[in-house]
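Just below is one structure, and these are the notes that go with it.
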Amino acid sequence: MESTTIISPRTMRETARGIALTSIYDEMLSRRELSVTGDVNSAMAFDVCQQLLQLEHEDPSAEITLYVSTPGGDVSAGLAIVDTMCTISCPVRTVCLDMAASMGAIIFVSGDRREMFPNAELMIHDPLIQNVSGSALSVQETSRRLMGLRRTLSQILADRSGLSVKRVQSLTARDTFLTAERACELGFADAIVEPRKVA
């Protein structure tokens with residue numbers, strides 16, 4: 001999976017000491033808005049979890065908005081974000097901007113209120129084996145762990161959509177791409193963000 005570097009845009013803000021340049025992500029944080037962008041990995045997940053916990057500390061009942069745009073990545077890191085979302089007291093609204101794939105889809109569907117932009121997509125599939133080598137026993141252990149992760153992820157998708165685990169696993173047996181409309185029909189999303197009316 002290719003690594004992507006996210007450049008933080010900056011905005012100007014007038015302060016008592018003059019004009020200051022601040023990160024757009026700091027501005028978003030002050031509005032209780034977070035982003036899951038790029039590959040899901042342990043460093044990114046740690047940052048997102050810390051931000052969720054900080055916002056809960058600041059106001060345990062106010063909604064947090066989590067914008068999701070990711071091809072997925074490390075399952076353990078993604079589950080850390082999901083667990084934090086589901087254990088804090090604040091409701092978490094997730095918004096899919098363009099594509100929430102693989103672990104990104106799991107994060108998206110775990111929101112309390114889930115919205116997709118009109119042209120956004122979800123992609124769901126079973127967890128993948130990568131770089132398998134070693135003895136027969138180590139490969140067997142890797143397979144056992146992978147099947148456990150499959151059950152965990154299938155259960156999350158089933159719980160959040162209302163579909164049966166069997167139906168979910170029939171969808172995740174291959175790469176399944178879902179438009180915003182189809183995701184809503186299947187229960188993986190709640191609403192589509194209405195586009196602005198063109199005059």
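Filtering the stretch 67-101 to residues that are open to solvent by 50 Å² or more (accessible area, probe 1.4 Å), under 22 Å from L149 (Cα atoms) and of a type outside the set (A, V, I, L, M, F, W, C) leaves P71, D74, S76, D83, T87. Restricting attention to the stretch 140-190, the residues being open to solvent by 40 Å² or more (accessible area, probe 1.4 Å) and either part of a strand (DSSP E or B) or on the phi > 0 side of the Ramachandran plot (or both) number 3.
Residues that are open to solvent by 50 Å² or more (accessible area, probe 1.4 Å), acidic (D, E) and free of Cβ contacts under 8 Å to residues at least 12 places away in the same chain: does the stretch 121-132 have at least one? No, the stretch 121-132 contains no residue that is open to solvent by 50 Å² or more (accessible area, probe 1.4 Å), acidic (D, E) and free of Cβ contacts under 8 Å to residues at least 12 places away in the same chain.
The values are calculated or read from the model by the stated rules, or taken from the named source; none is laboratory data. Given the structure is predicted, the values throughout are model-derived calculations rather than measurements. Glycine also receives a Cβ, built like all others from the backbone with ideal geometry; neighbour counts cover every protein chain displayed. In case anyone asks, the SASA skips ligands and DNA or RNA and just uses the protein heavy atoms, side chains included. Shrake-Rupley method; radii C 1.70, N 1.55, O 1.52, S 1.80 Å.
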